[in-house]
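Report on the structure given below.
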Amino acid sequence: MMKKTLNWLFDYPNLKVYQYEEGFKFSLDSILLFEFAQIKKDDNQIIDFCTGNAVIPILIQNKYSKPVVGVEYQEEIYQLAKESVRYNQMEEAIALIHDNVKELKNYFPGNNFDVILCNPPYFKYTESSNINKNLIKSIARHEICITLKEIFEVTSFFLKDKGRFYLVHVPDRIDEIFVYANRFGLAIKELQFIYSKMNEKPVMVLVTCVKGGRFGTRVYQPVNIGSLESYQGIFRK
């Protein structure tokens, strides 16, 4: 059995989450996605796809006191999420679902959510893919159980009209993001590129989509995370 640890959530000192020392660990990606997303007063139906150990639901509940649903497919990571939510005493506000995002029609009707967030597997998967021998890590990183296209399809089904979808991904797949957003009726409204060093290529891209939104995309000034001392409030739109 993998050894668990209880770790601080970066510069959110009142929050901790459980992780595995040798297995799955949450990353800065989820923190940046949370900071990038805008949760509004009337947003009462919020769901986090591929929630991992529930970092994003915990952060949303901590800052906005909003109920959140988190969906995690892997049993081992789902158990970490449950323990993390319990440790932060948020069981009444955060509902966790142990299932594949593709199966959410068994839980909710369409046009149900104001906000959907997702930090998905980044890399395509084929039989020849060079994947990690640790299956937990492989499923978290590669599209073994769900693809980018399927995430957009499910998102479009569950978002309310004018609902917002916040995604973090790798810049190498920005072309696919535009294709699938357009195919499933999601207008890309905001792009934020993230750098670890400003003289190198970006390492992440944050995306805001609006269901049924008009054309027109705002691209923000790049952010260099290598120079930051804190991640709180870094995206002042």
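The values are calculated or read from the model by the stated rules, or taken from the named source; none is laboratory data. Note that the structure is a prediction, hence the values are computed from the model and not measured. Note that we place each Cβ from the backbone using ideal geometry, even for glycine, and neighbour counts take in every protein chain shown. Protein only, heavy atoms only, side chains kept; ligands, DNA and RNA dropped before computing areas. Shrake-Rupley method; radii C 1.70, N 1.55, O 1.52, S 1.80 Å.
Okay, here's what the table says:
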{"read-out": "Hits in region 82-98 - residues which are over 16 Å from residue 117 (Cα atoms) and either of a type in the set (A, V, I, L, M, F, W, C) or without any contact (Cβ under 8 Å) to a residue 60 or more places away in the chain (or both)", "value": "82, 85, 86, 89, 90, 91, 92, 93, 98"}
{"read-out": "Pairs where the first residue, in region 152-165, is free of Cβ contacts under 8 Å to residues at least 40 places away in the same chain and the second is open to solvent by less than 20 Å² (accessible area, probe 1.4 Å) and not in a helix (DSSP H, G or I), C-beta under 7 Å, 6+ apart", "value": "152/186"}
{"read-out": "Pick from region 44-64, criterion open to solvent by 10 Å² or more (accessible area, probe 1.4 Å) and touching a residue at least 60 places away in the same chain (Cβ under 8 Å), ranking: nearest to the chain's Cα centre (by Cα)", "value": "50"}
{"read-out": "Pairs where the first residue, in region 209-237, is on the phi > 0 side of the Ramachandran plot and the second is modelled with pLDDT of 95 or more and not in a strand (DSSP E or B), C-beta under 8 Å, 6+ apart", "value": "212/185; 233/35"}
{"read-out": "Every residue from region 153-176 that is over 13 Å from the mean Cα position of the chain (by Cα) and more than 16 Å from residue 43 (Cα to Cα)", "value": "153, 154, 156, 157, 171, 172, 173, 174, 175, 176"}
{"read-out": "Every residue from region 163-203 that is of a type in the set (Val, Ile, Thr) and touching a strand residue (DSSP E or B) at 6+ places or on another chain (Cβ under 9 Å)", "value": "168, 170, 174, 177, 188, 194, 203"}
{"read-out": "Some residue of region 196-206 being at positive phi and of a type outside the set (A, V, I, L, M, F, W, C)", "value": "no"}
